[in-house]
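In what follows, a structure is listed as structure tokens, so that the remarks can point back to it.
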Amino acid sequence: MLPCVVLALGVLLLAAPGKAQSETDAPTTVTTKAPSTTTIPSSTVVWVTEPLNEGQAIQKALQYLLQHRQPDWGWANDTHHVMLTLQLANNTGKEIEQQGMEMQLSAKQMEIEILLMMSKHHESPPPLGRLAAYTLALGALCKDPRSFHGRDLVSALLHREPPHDLEFAYATLAACSSAAHVRRRHIRRLLDIANAAADHSLDTISMVILALRCVVQDHRHRSLLHFVRRPMAGLARQQHPDGSFGSLTTTALAIQALEDSDSGPGAHQHWSLPAARKWLLERQEADGGWGDVEKTAAAVAALTPASLAAVRPPHCSDKLLDSRHEPFENGGDGNLKVAYQSGHAGNESDARNVSFTYTLWLGTNVTENYTLYMVAPRNVSFYHVMQMAAEQDPKFKFEASEWPNGHYVHTLAGHKEEPMGYHYWLLYRLPEVPDPASPPGNQLVAPVGVDDLLVEDGEHYLFWYKKL
């Protein structure tokens, strides 16, 4: 508890003469005169309390959580939230077995809850959100959720693909945090959601960013780093003037999605982490909590250095099965695809490859929009990229005339230029994925042709069929 400052008795205050106005009195107009001095009565003590700093706030909140532990050593429906938060706040590197007996009992209580949940839903699957939360908590405690008392919780997570994007991202994050296999189609769906961030809630986008950051940590998927930047910047711009992102839980989740992430160096230009944390700290109550156990656990998780993007402690890696993420390959369904050159794997190829997007727009008002997320060798021409894209998706097939100075593309996606109607294909080089709601200006048209334009890492290329 921080010391409080007791103002000395007898401090003189400046005050206007006359009777003090009560709360029910009408306001009066006061003419400024030379003030007289009055002495605070000897029975009056004024307390000025300084706000807790983050470390003190976390310690007080942890005490609140421990005080609300029930006789069975759990926290009713919030055991998984609290155990995950306690482990995120535990910076000693000790596993549960090395911690106090009370923590071990709480961990056992959580295991009992999981077994009861699995047996209760023997015929029908357990709630996906709760299963994902338990999976994350087990990973944080160095327990392998793929080998939990003869049950594979991760397989139960990935066996069904939920229709709700927030649950899907949460389940994918839990699977990734368990060092489990993350399928290509799951990563593509995450990219789909990130590419349409405006259509989703802040909670969903935050969870998608956390899941993608977890996937990016696998060296085979470092090229996805650039595709996390735009949703991060978009989320950062949603911060309110008071520092929050709306509700307490949404603010706590957004902080974890944006804080200390290598995935989005530009995100910090659009938001203030100190303001977000200050907003959280100002809402901590005198008992150390934020209203209830669940909200308190969420707030503490946002204030600790660790986050949901990196739940599994490094020293736990040897206790988990080392299953790699599935590498991307050519093919797949849907308009949003990822094209990889064969042989892309490991750190050595990361240095030789670049990642970028290639988009087609049809119509001046953009009636059709197709995007490919691609990886190609460094220093390759955009013409070669177009050939790669055409092999990936028939929509990207093209025709070009060959001239002495290179190729001139006149047909894409079955649409040929019409000079009589002033309809042409224009190639743009952009810093972000193009947005039909904010189309690029002609100053961003590529300065050279498709043969001389070399693709750069993290850039975005747009071929737009429009009327000039």
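The values are calculated or read from the model by the stated rules, or taken from the named source; none is laboratory data. None of the values given here were measured: they were computed from a predicted structure. FYI the Cβ positions are ideal-geometry reconstructions off the backbone, even for glycines, and counts take in every protein chain you see. Just so you know, the surface numbers come from the protein's heavy atoms only, side chains and all, with ligands and any DNA or RNA stripped out. Shrake-Rupley method; radii C 1.70, N 1.55, O 1.52, S 1.80 Å.
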With all protein chains present, the range 420-468 has a carbon and sulfur share of its accessible area (1.4 Å probe) in percent of 53 percent
Taking placed amide H atoms and a strict 5 Å upper bound, the residues 5 or more places from VAL380 or on another chain that come that close are VAL455
For the range 108-184, the accessible surface attributable to carbon and sulfur atoms (probe 1.4 angstrom, ligands and nucleic acids excluded) amounts in percent to 55 percent
Probe 1.4 Å, all chains present, heavy atoms only: CYS176 accessible area in Å², nearest 10, is 10 Å²
With ALA390 itself left out, Lys, Arg at +1 and Asp, Glu at -1 over residues whose Cβ is under 11 Å from its Cβ give -1
Within the under-11-Å Cβ sphere about VAL433, not counting VAL433, Lys/Arg +1 and Asp/Glu -1 give a net charge of -1
Under the Karplus relation with 6.51, -1.76 and 1.60 and θ = phi - 60°, whole-Hz ³J(HN,Hα) for the range 249-259, x at Gly and Pro, equal 5, 5, 4, 4, 5, 5, 4, 5, 5, 9, 6
Phi angles of the range 289-297, converted by Karplus (6.51 cos²θ - 1.76 cosθ + 1.60, θ = phi - 60°) into ³J(HN,Hα) in whole Hz with x for Gly and Pro, give x, 10, x, 7, 5, 4, 5, 5, 4
Rounded to the nearest 10 Å², the 1.4 Å probe accessible area of MET207 is 10 Å²
On the formula 1/(1 + (r/R0)^6), with r taken between the Cβ atoms of GLN387 and ASP242 and R0 of 41 Å, the FRET efficiency rounded to 0.05 is 0.20
Taking N as the number of residues in the range 364-449, the ratio of its alpha carbon radius of gyration to 2.2 N^0.38 Å works out to 1.13
For GLU161, GLU402, the accessible-area ranking with a 1.4 Å probe, largest leading, is GLU402, GLU161
